[in-house]
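K.L.:
Dropping a structure here in structure tokens format, bear with me for questions.
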Amino acid sequence: MKFTTVIALAVAMTASVAAAAVLTNADVIKMSDAKLDESIILTAIENSEPNFDTSAQGLIDLSAAKVSQGVIAAMIKKAGTPAKEAAPAASKPAPAADQAETMSPSEVFIIDGNQTRSMRYLNPQVRTAARALGFGGVASYAVLRGEKASDRTKNTRPAFLISVPNQAQAESYLTLASFAVRRNNSREVMIGGGFMSYSSGIIPDRIIAVVSEKAADQSKAQKGITIYKVTPKRPLETGEYAVILYTGEMHGLVAAWFTGTGNSYFDFGIDP
């Protein structure tokens, strides 16, 4: 065999190996469908040249294909590695003015008059207690630490910006609720209870009716996500409140952003 032919074959084989090392979402789904052990899939991801789609829609598609959460997390981590190992910041071109950062499902923004600011969430404790010495059944309460939220406003009709998956209705993705202040330096709301049977969900008289509409500015919306503006139907009274996102039920999508498994309480207070 001629020397030039050997060289050509070597180059072709090298290119073939390099191409095989590139993994896509479709490749991972195929391995998952083939019932390969998760450790094998994770090893393949770790040793690959990733070409993963880790956008919101990409994560939704992976979850729908029953790819495990551990594998999805490894894909997100691997997809972010090249960006971290890129050239020094001094050599990077400045971002274009129209390339705004996107808003993730872990964020809620409060619109307080002319000011829009990010909110922070709490993971509540859950307290279960007998009512009326047991004759009233039992009830469970979501308990927030502190008698007052750190985020305060005098605006009785603040609005909120949230990111909602396109498959979800905004009204079913969140609840705006008022909280009772207790003497033990906490705020709480009833989230379930009953006597002969038990029902879950925030007690109706603590739920604040809201109006949801698509935000006029969708420039920060991720793929597969719509930003909604949520406003109370009536002015809020002085007191303690929280926007509650049902992230506990959105496993496939929000696992990439939330470390907890429960719902997220973005608390705030209305001052006189």
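The values are calculated or read from the model by the stated rules, or taken from the named source; none is laboratory data. Note that the coordinates shown come from a computational prediction; the quantities given were computed from them, not determined experimentally. Note: ideal-geometry Cβ built from the backbone for every residue, glycine included; neighbour counts use all protein chains shown.
K.L.:
Could you please find all residues in region 162-189 being closer than 25 Å to residue 139 by Cβ, modelled with pLDDT of 90 or more and either basic (Lys, Arg) or under 24 Å from the mean Cα position of the chain (by Cα) (or both)?
P.N.:
Result: 175, 176, 177, 178, 179, 182, 183, 187, 188, 189.
K.L.:
On the given criteria, is residue 159 within 30 Å of residue 219 (Cα to Cα) and among the hydrophobic types (A, V, I, L, M, F, W, C)?
P.N.:
Here the answer is yes, as residue 159 does meet what is asked.
K.L.:
Collect the residues in region 32-74 that are over 25 Å from residue 166 (Cβ atoms), touching a strand residue (DSSP E or B) at 6+ places or on another chain (Cβ under 9 Å) and either without any contact (Cβ under 8 Å) to a residue 12 or more places away in the chain or surrounded by 13 or more Cβ atoms within 10 Å (Cβ to Cβ) (or both), keeping them in residue-number order.
P.N.:
44, 45, 48, 50
K.L.:
Test residue 137 against the criterion of being in the same structural domain as residue 188 (by TED's automatic domain parsing), modelled with pLDDT under 90 and either closer than 19 Å to residue 179 by Cβ or surrounded by 12 or more Cβ atoms within 10 Å (Cβ to Cβ) (or both), and give yes or no.
P.N.:
Yes.
K.L.:
Let me ask something additional. For residue 90, indicate whether it is surrounded by fewer than 14 Cβ atoms within 10 Å (Cβ to Cβ) and either modelled with pLDDT of 85 or more or in contact with a helix residue (DSSP H, G or I) (Cβ under 8 Å, 6 or more places away or on another chain) (or both).
P.N.:
Criteria not met by residue 90.
K.L.:
Look at region 94-127 and say how many of its residues are exposed (fewer than 11 other Cβ atoms within 10 Å of the Cβ) and modelled with pLDDT under 90.
P.N.:
The total comes to 7.
K.L.:
Still on this structure, I have one more. Which condition number does residue 193 fail, the rest of (1) in a strand (DSSP E or B); (2) at pLDDT 95 or above being met?
P.N.:
Only one criterion is unmet by residue 193, namely (2).
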